[in-house]
Amino acid sequence: MKTLLVLAGLAALLYGLVCGAFFLGQRAFIYFPVADRDDAVPVTTFVRDGVRLRVSVHPADGARAVVYFGGNAEDVSRAVAGLRDAFPGAALYAPHYRGYGGSGGMPTERALVDDGSALVADIAARHPEVVLIGRSLGSGVAVQVARRHPPARLVLVTPFDSLAAVARRHYPWLPVDLLLRDRYDSAAHAASIHVPTTLVAAADDAIVPAEHARALARAFAPGRARLVVLAGAGHNDIDAHPGYAPALIGTGTR
């Protein structure tokens, strides 16, 4: 019995250490900053609270603009060419999160949402017809930005209902609801969004399975969100699917 108690105590201590390590280092599991690699894409800068943020752009005059919030390990400069083809004539803005692509600062949920909101407010002053697109982690940013600054349309690619729900799937042995600081609870914000919304999920997504997009779609007011599930697409290659661009612009099938 004494041996069992000792082993149980050691197991509890080890589990506590693992939980503590996850709590302290959790942002290393969420954010994977990358440098921008597409030198052909112009870059502008946006300063908020003294932090200089880089934004890959395709300049254009007129009312329409697309703002793209990328994934947690994405070089958003590489998305600009595809967006330019999907939205001809529109101005394109792809912000590099704090710590990404030469932007200053460190990424956190609050910082990314506040930065995105300030950027969209600035863009909307020049382009009143804004489409917000958020991919994966960026879907969590885009939902909260859309709540503060309603766009003409909202598009969420490989989205999740909440980061906690995804974390529970990947780390079922951890009390993630107690440990997680950056939660990106999109489902909690969805009912407050009143603009046309398209959710684009990948049927073969092993990182954020499509059921998370379905759960998020149910959180919107009835008839507000349209879900498109692309057969044969995965989390990282969904943009290569022939149905991806039609889904972004709102012509894809369910």
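Computed from the coordinates by the stated procedures, all read-outs in this text should not be read as laboratory data. Nothing here was measured: the structure is a model prediction, and the numbers come from that model. Please note: Cβ atoms are built from the backbone with ideal geometry, for glycine as well, and neighbour counts cover all protein chains shown.
Note on ARG37 and THR3: their simple-model spin labels are 5.4 nm apart, each label 7 Å out from Cα toward Cβ. Dipole of the chain computed with +1 at Lys/Arg Cβ and -1 at Asp/Glu Cβ about the Cα centre; of LEU180, VAL200, THR3, farthest Cα towards the positive end is THR3.
By how many degrees, between 0 and 90 and to the nearest 10, does the Cα long axis of helix 2-25 differ from the longest principal axis of the chain? It is inclined by approximately 20 degrees.
Rounded to the nearest 5, what % of DSSP beta bridges with both residues in the chain are antiparallel? Before the final figure, lay out the partial values.
Values: 10 of 34 bridges.
DSSP beta bridges in the chain are roughly 30 percent antiparallel.
Note on the stretch 19-132: dipole from Cβ charges, positive end direction compared against TYR68, HIS127, ALA35; the farthest Cα belongs to ALA35.
Here the stretch 182-227 is treated as a Stokes sphere of Kirkwood radius computed over C-alpha pairs; at 25 °C and 0.890 mPa s its diffusion coefficient rounds to 221 µm²/s. Annotation: for a label point projected 7 angstrom from Cα along Cα→Cβ of ALA188, residues of the stretch 207-233 with backbone N closer than 19 Å are 212-213, 215-221. Taking every alpha-carbon pair under 8 Å whose residues sit at least 6 apart, the stretch 152-254 reaches a relative contact order of 29 percent.
For the chain, the longest principal axis of the Cα atoms and the long axis of helix 210-219 meet at an angle of about 70 degrees.
Here the sum of -39500 (n - 2.57) over DSSP H runs of 4 or more residues, divided by the residues of the chain, equals -11000 deg cm²/dmol at 222 nm, to the nearest 500. For the stretch 189-200, backbone phi angles converted through the Karplus equation (6.51, -1.76, 1.60; θ = phi - 60°) give residue-by-residue couplings of 9, 4, 5, 8, 9, 10, 10, x, 10, 10, 10, 10 Hz, Gly and Pro being listed as x.
Any chance you could run the full-extension gain for ASP61 through ALA73? It's 0.36 nm times the residue separation minus the Cα-Cα distance, nm to one decimal.
Values: separation 12, 0.36 × 12 = 4.32 nm, distance 3.03 nm.
Between ASP61 and ALA73, full extension yields 1.3 nm more.
Think of each Lys and Arg Cβ as +1 and each Asp and Glu Cβ as -1; about the Cα centre, that makes the dipole of the stretch 33-249 roughly 480 debye.
What number, in nm² with one decimal, is the all-direction average of the projected area of the convex hull of the alpha-carbon atoms of the chain?
Details: hull surface 60.6 nm².
Value for the chain: 15.2 nm².
Entry note, the stretch 51-206: relative contact order of 22 percent, from Cα contacts under 8 Å with a spacing of 6+ residues. Hey, with R₀ at 30 Å, roughly what FRET efficiency would ARG218 and LEU24 work out to, going by the Cβ-Cβ distance, to 0.05? E(calc), rounded to 0.05, equals 0.30.
Between VAL47 and ALA152, what FRET efficiency comes out of the Förster formula 1/(1 + (r/R0)^6) with R0 = 30 Å and r the beta carbon distance, rounded to 0.05? Could the numbers behind the result be given before it?
On the way: r = 26 Å, r/R0 = 0.87.
E(calc), rounded to 0.05, equals 0.70.
Protection proxy ranking, highest mean first, for peptides 96-107, 114-125: 96-107, 114-125, where packing is the per-residue count of other beta-carbon atoms within 10 Å, averaged.
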